[in-house]
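Let me begin by presenting the structure, written as structure tokens, before commenting on it.
The values are calculated or read from the model by the stated rules, or taken from the named source; none is laboratory data. Note that the structure is predicted; figures quoted are calculated from it, not measured. Methodologically, a virtual Cβ is constructed for each residue, glycine included, from the backbone with ideal geometry; neighbour enumeration extends over all protein chains shown. The protein model used for the area step is the full one, side chains on, heavy atoms only, and it has no ligands, DNA or RNA in it. Shrake-Rupley method; radii C 1.70, N 1.55, O 1.52, S 1.80 Å.
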Amino acid sequence: MPVAPLKDLLDRALAGRYGVAAFNIVNDLTIEAVLAAAVEERAPVILQTSVKTVRMYGRRHLFDIFTTLARDTPVPVSLHLDHCPDRSVISDCLEGGWNSVLFDAHELDVAENLRQTTEVVVEARRRGAHVEGEIEGIQGVEDDVGSDDASVVQSLEVAVDFIKRTGVDCFAPALGNAHGQYKKAPVLNAQRVSDLVAATGIPMALHGGTGLSDEQFTDLIARGCAKVNISTALKETYLKASLEFLREAAERDKWDPPSLFRHQRAAVVEMARSHIRLFGGSGRAW
């Protein structure tokens, strides 16, 4: 199946009140493992790349890896650029085949953010791509982007005006959520999701998902968080599986890279499947 438009995935999810899992992949193994999980669950899925990962691989090389692995995947897959404040990287990825981007301009004042996001939307439309918008930073640093300082939360009126004037296809609101692991259980403003969806009719994106309770996920998805980001859980699963295997390898003094890769893959597949099931995405492929 060819790469599916982000808007198609999220509009269906919003209407059906389920969440599409959006995993921040880090290499070819995690791409393949997440795709395998989506196929096993018969679920649509979003593969997200950070700016850091794009720069590490190079845009062309990373896209070639993605297309090679996703080409024959029989479920809808979208390729998304996550949290990018750099317009040049936005343009490069849109030119290179990404079909959605998050222009993260929350450090700009709202008026300038609105102006530049509108330009990004126009640029994306020319390439048949979609845009996620953001005016408030999600607390926490992820792949060298962000801040541990709490962001100023804009009023509902400001957020709705931003969404309607820019024409973004999805919006990432600040709800009290944060990137990385939570140091204590977060208190979320879930009503804000309901209010934004009611006022705009567009799907919301939930950031800082790792560490939320099952009940919080279920409630936020039912309110309209159709895109649910998972980054920390993937990284931790991948690296902890590696550590576990390598400790055993050292004890046995037996070093077999293919066995390591199978162990990593199995862990990531199970992690991805469990999130897809929790978000209600299983069986939603078309």
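Annotations for the structure displayed:
- Relative packing of 117-128, 242-253, 6-17, which averages over residues the other C-beta atoms within 10 Å, highest first: 6-17, 117-128, 242-253
- The charge dipole of the chain, taken about its Cα centre with unit charges on the Cβ atoms of Lys, Arg (+1), Asp and Glu (-1) only, comes to about 700 debye.
- For segment 1-120, the solvent-accessible area works out to 37 Å² per residue, with a probe of 1.4 Å and every protein chain left in place.
- Carbon + sulfur, % of accessible area of the chain - ligands and nucleic acids excluded, 1.4 Å: 52 percent
- Spin-label model, Arg252 to Asp72: label points 7 Å out along the Cα-to-beta-carbon direction sit 3.1 nm apart.
- Taking every DSSP bridge with both residues inside segment 6-279, close to 10 percent are antiparallel.
- Whole-number D in µm²/s for the chain (Stokes-Einstein; Kirkwood sum over Cα pairs; 37 °C, 0.692 mPa s): 173 µm²/s
- With R₀ fixed at 25 Å, the C-beta to C-beta distance from Lys52 to Glu215 puts the FRET efficiency at about 0.20.
- Burial ranking of peptide ranges 214-221, 256-263, 83-90, 40-47 (average Cβ count within 10 Å, highest at the top): 40-47, 83-90, 214-221, 256-263
- GNM flexibility winner over the chain from Thr53, Thr68, Thr30 (Cα, springs under 10 Å): Thr68
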